[in-house]
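Values in this text are rule-based calculations from the coordinates and carry no lab data. The model shown is predicted, which means the values in this text are computed figures rather than measured ones. All Cβ positions, glycine included, derive from the backbone under ideal geometry; neighbour counts span all protein chains shown.
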Amino acid sequence: MDEVVRLNDVVKIYTMGEERVEAMKGVSFTVNRGEFVSIMGASGSGKSTCMNILGCLDVPTSGSYLLDGVNVGELSADALAEVRNKKLGFVFQGFNLLARTTARQNVELPLVYAQIPAAERKSRALEALEKVGLASREGHYSNQLSGGQQQRVAIARALVNRPSIILADEPTGNLDSRTTIEIMAIFQELNRQGITIIMVTHEPDVAEFTSRHIIFRDGLIISDEPYQAKTAVPPVEVEKL
Amino acid sequence: MTTLWQSLLIALRALRVNKMRALLTMLGIIIGIGAVIAMVAIGSGASKMISDQISSIGSNLLLVLPGSVTSGGMRSGAGGTQTLTYDDARAIKAECPSVGAVAPSVRGSGQVVFGNQNWSTVLFGVTPDMVTVRDWTIVAGRNITQSDVDGATKNCLIGQTVVDNLFGGTDPMGKIIRIKKIPFTVVGILGRKGQSPQGQDQDDVIYVPLRTAQRKLLGSQFPNVVGSIMVQAKDAEVLDKAEEEVTELLNQRHRIGPNREVDYTIRNLSELLAVTEQSSKVMSILLGAVASISLVVGGIGIMNIMLVSVTERTREIGIRIAIGAKKRDIMLQFLTEAVLLTTCGGIIGMLLGVAGARLVASLIGWPTLISVNTIIIAFGFSAGVGVFFGFYPARKAAALNPIDALRYE
């Protein structure tokens with residue numbers, strides 16, 4: 001199978017003044033291309049730290065992380081920025097769109113840092129917005145969009161640079177249950193198109209839509225099992241997807 | 001690495017969001033640059049005015065005046081004697097290699113009449129070199145010639161003030177005027193010079209041939225005597241040498257020795273110019289320095305606001321880093337914003353400074369001098385202030401930890 005992510009005995013220790021916090025105590029797992037994984041666990045279990053490492057926002061204290069076969073721990077800061085830009089797409093709990101910026105400009109942002117010319121940026125951003133069903137809202141400012149729409153713009157932004165993985169950190173945490181299903185339906189559709197998705201969540205209902213559950217406790221994986229994913233039934237509005 | 005253009009767009013958007021704040025922040029730079037430009041313009045205008053006045057006397061000049069003499073224990077002041085002659089002047093011209101032009105003159109005053117107008121003015125008996133030495137222009141007619149001098153002709157050159165007061169509209173060329181009741185023909189008109197550094201009207205003057213003045217007009221008991229000799233060195237470098245040569249020659253001609261005191265004095269006019277220029281230069285540097293303090297204060301304002309801006313936009317920075325912005329992209333973004341602030345402020349300040357200088361010029365009547373250099377330097381300086389004071393906030397932004405930045409509320 002085509003391996004996208006390989007964590008080998010990853011340890012992450014934070015030192016906060018005198019205090020040493022072992023957030024990850026030796027975590028190993030691999031993710032293959034096309035998987036839809038959810039990482040679960042109580043807060044403080046190490047799942048967010050794991051996400052930061054997967055997202056190249058942080059580096060392991062020891063152990064290695066191979067993304068597409070490349071040992072990320074050996075890369076320079078600039079090279080890591082490029083990995084984040086080209087290979088990863090982030091979806092956050094708080095949407096994290098730029099304020100006073102249109103949906104399309106938000107989606108274009110990764111392409112700006114990838115130095116894609118303006119015309120191509122525009123067409124690719126529109127294409128990504130199309131995929132999340134928001135092409136008609138390209139000119140709306142982030143504050144003119146509902147929570148669900150903002151998250152869909154964020155997904156389009158994560159998609160736009162055709163990443164190897166989409167990393168979603170509690171993507172439905174700020175959404176009501178109906179919108180949650182909308183978003184999960186989009187993720188499932190993207191997954192069906194072959195995109196690898198790793199999602200952190202603490203809600204079992206949300207994890208039900210994914211096909212593999214990794215559960216963290218106290219910095220270690222306590223279970224890692226495939227799951228018969230439930231299909232998110234898209235509400236009427238997103239059926240056109 | 002984003003392009004500069006992208007950073008500029010982002011910066012423009014960021015400034016548009018906080019228009020009032022941007023404007024107030026710019027105000028420091030506006031005032032700073034405006035003050036620097038206005039002060040330098042006024043300062044250099046003033047110094048140009050002074051040096052123009054001084055150089056209107058003529059350049060590279062030595063002024064030879066009769067000295068004091070002691071007679072019966074009484075010492076006269078400078079110029080209290082009549083020891084310089086036309087022959088001295090001719091000898092200087094003939095024998096001093098560093099000397100270019102030599103203009104002996106006698107001075108007097110008298111009433112001038114033309115038609116029903118009359119005017120009291122200053123009369124000079126001069127040689128053709130006077131026009132060269134004093135840097136006069138002749139706007140109409142011709143200079144006095146050597147044959148005018150040798151033949152003691154009754155031709156004269158008149159200054160603009162005399163033209164205004166005697167002729168009032170009619171063309172003076174070729175007209176006969178009466179100077180001290182003697183008829184003279186106007187053969188040339190001098191260009192306007194304006195005031196001397198001492199405030200005298202240099203245009204209120206009539207030049208007649210030296211011999212004519214000596215023999216017919218100012219009737220002296222020693223007909224060969226001149227009141228002063230102006231000596232122009234060939235150029236500024238040989239001015240000191242010319243002074244030595246003239247001194248040596250006059251000492252020899254006047255038989256100055258242990259038993260005879262020096263009966264003439266030589267004044268070097270370029271020293272006056274140098275001193276005055278020096279002092280006005282110091283003044284404009286001082287003005288510029290005071291004004292640039294306000295520029296520094298403005299720069300600190302920029303830094304302050306940029307720090308606030310970085311803190312406010314911590315989350316945005318986090319998003320950008322997560323999405324693939326490199327450290328230098330973030331740096332560039334905030335540096336661009338700071339430089340944009342200062343250069344906008346610089347341009348507005350420049351316009352205000354120029355306007356202010358013009359206003360002062362029209363109110364006080366001082367000339368102001370706005371050089372392209374000043375503008376370029378001011379512009380560069382305002383951009384430099386942006387880079388200097390924007391650097392620390394930009395570095396702070398670039399050094400943010402994306403994980404913390406994304407969680408920042």
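For chain B, the longest principal axis of the Cα atoms and the long axis of helix B:372-398 meet at an angle of about 20 degrees. Each residue of segment A:3-19 is assigned a 3J(HN,Hα), and the resulting list reads 8, 9, 10, 9, 9, 10, 6, 7, 10, 10, 10, 9, 10, 10, x, 7, 7 Hz, derived from the Karplus form 6.51 cos²θ - 1.76 cosθ + 1.60 (θ = phi - 60°), x at Gly and Pro.
The angle between the Cα long axis of helix A:177-192 and the longest principal axis of the Cα atoms of chain A comes to about 80 degrees, rounded to the nearest 10.
Highest mobility in the GNM of chain B, judged by mean-square fluctuation with C-alpha springs under 10 Å and restricted to B:Pro128, B:Pro66, B:Pro223, is found for B:Pro223. In this simple spin-label approximation, B:Ala236 and B:Ile50 carry label points 7 Å from Cα along the Cα→Cβ vector, and these lie 1.7 nm apart.
Give, as a single signed number, the net charge of other residues whose beta carbon lies under 9 Å from the beta carbon of B:Ala152, with Lys and Arg counted +1 and Asp and Glu -1. Summing Lys/Arg as +1 and Asp/Glu as -1 gives +2. Per-residue 3J(HN,Hα) values for segment A:59-68, derived from phi via the Karplus relation 6.51 cos²θ - 1.76 cosθ + 1.60 with θ = phi - 60°, read 10, x, 5, 8, x, 10, 10, 9, 10, 6 Hz in sequence order (x marks Gly and Pro). Roughly how many whole Å is it from the C-alpha centroid of segment A:99-141 to that of segment B:272-334? Answer, in whole Å: 34. Tell me, what HN-Hα J-couplings in whole Hz come from the Karplus equation 6.51 cos²θ - 1.76 cosθ + 1.60 at θ = phi - 60° for each residue of segment B:342-351, using x for Gly and Pro? Each residue of segment B:342-351 in turn: 6, 6, 4, x, x, 5, 4, x, 4, 4 Hz.
Dividing the helix sum by the residues of the protein assembly as shown, where each DSSP H run of 4 or more adds -39500 (n - 2.57), gives a mean residue ellipticity at 222 nm of -14500 deg cm²/dmol. Remark: B:Arg315, A:Arg217 ranked as A:Arg217, B:Arg315, counting other beta-carbon atoms within 10 Å and listing the fewest first.
By the beta-carbon count within 10 Å of each Cβ, the least crowded to most crowded order of B:Trp136, B:Trp366, B:Trp5, fewest first, is B:Trp5, B:Trp366, B:Trp136.
Close amide-amide hydrogen proximity is noted between A:Gly63 and A:Val11, each under 5 Å apart and 5 or more residues distant or on a separate chain (H modeled in the peptide plane; Pro and chain starts excluded). Taking the fewest neighbouring Cβ atoms within 10 Å as the starting point, the ordered list for A:Asp224, B:Asp148 is A:Asp224, B:Asp148. Restricting attention to chain A, close to 60% of DSSP beta bridges with both partner residues there are antiparallel.
Among residues other than B:Val162 whose Cβ falls under 15 Å from its Cβ, what is the net charge (Lys/Arg +1, Asp/Glu -1)? Neighbourhood net charge equals 0.
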